[in-house]
1. Given labels modelled 7 Å from the Cα in the Cβ direction, how far is it in nm from Asp54 to Asp3?
2. Rounded to whole Hz and in sequence order, give me ³J(HN,Hα) for the range 55-61 from the Karplus expression 6.51 cos²θ - 1.76 cosθ + 1.60, θ = phi - 60°, writing x for Gly and Pro.
3. About the Cα centre, and with charges only on the beta carbon of Lys, Arg (+1) and Asp, Glu (-1), how big is the dipole of the range 3-109? Nearest 20 debye, please.
4. Hey, what do the phi angles of the range 28-45 turn into as Karplus ³J(HN,Hα) couplings, whole Hz, using 6.51/-1.76/1.60 and θ = phi - 60°, x for Gly and Pro?
5. When you count, for each residue, the other Cβ atoms within 10 Å and take the mean per peptide, how do 79-92, 37-50 rank with the highest first?
6. List the residues, sorted by chain then number, that are 5 or more residues from Leu10 or on another chain and whose placed amide H is less than 5 Å from its amide H.
7. Using only C-alpha positions, report the orientation-averaged shadow area of the convex hull of the range 3-109, nm², one decimal.
8. Measure off 7 Å from each Cα along the Cα-to-Cβ vector at Ala24 and Asp94, then give the distance between these two points in nanometres to one decimal.
Amino acid sequence: MGDMVKINALGEDALFPAYMAAPAGPPEAAIIVIPEIFGVNPGIRQKCDRLASDGYLAVAPDLFWRFAPGVQLNPDIEAELQEAFGYFGQYDADDGVKDIESPIHPLRGGLAGQPPVQQVGCDDDALAARPPRLCGRASGYSPR
């Protein structure tokens, strides 16, 4: 359902990969899916695809792109679990926050052919049609 796209790194002259899944129709809202230490693996892509089937535009940025671009690990394989812990030791939380924020800016202007998404409370009078909203946050594991 989704595809890998390139996102401009916030405050850097670089592009990094993200998985984006779009709904069949106009999205209700956009959701940034934050991967675990296993990268944008099949489980994360499936979560994005499920969110898209529920009407959301879902984007999962590759948070390890600076030192392990495209890594996809299986948490049920011990060697890959240990590899993930090693990558997490290299992870810089400040860079991670910027990478999570990076898709928000283009989503507001339209990302990869998707309609613009705006934050709740923004003035949308200049827009021809009310776009979906980008707001809020959630954490934890989803049963879906």
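1. Distance between the two pseudo-spin positions: 2.5 nm.
2. Values, residue by residue: x, 9, 8, 10, 10, 10, x Hz.
3. 360
4. So the J values, rounded to whole Hz, are 5, 6, 10, 10, 8, 9, 8, x, 6, 6, 9, x, 7, 8, x, x, 5, 5.
5. On the way: 79-92: 13.2, 37-50: 18.6.
So the order, starting with the most tightly packed, is 37-50, 79-92.
6. Placed amide hydrogens put Ser102 under 5 Å from Leu10.
7. Numbers: hull surface 26.4 nm².
In nm², the orientation-averaged hull projection of the range 3-109 is 6.6.
8. 4.7
Rule-based calculations on the coordinates, nothing more; no lab input. Keep in mind the model is a prediction, meaning the values are calculated, not measured. Neighbour counts are summed over all protein chains in view; Cβ atoms, including those assigned to glycine, are modelled from backbone coordinates with ideal geometry.
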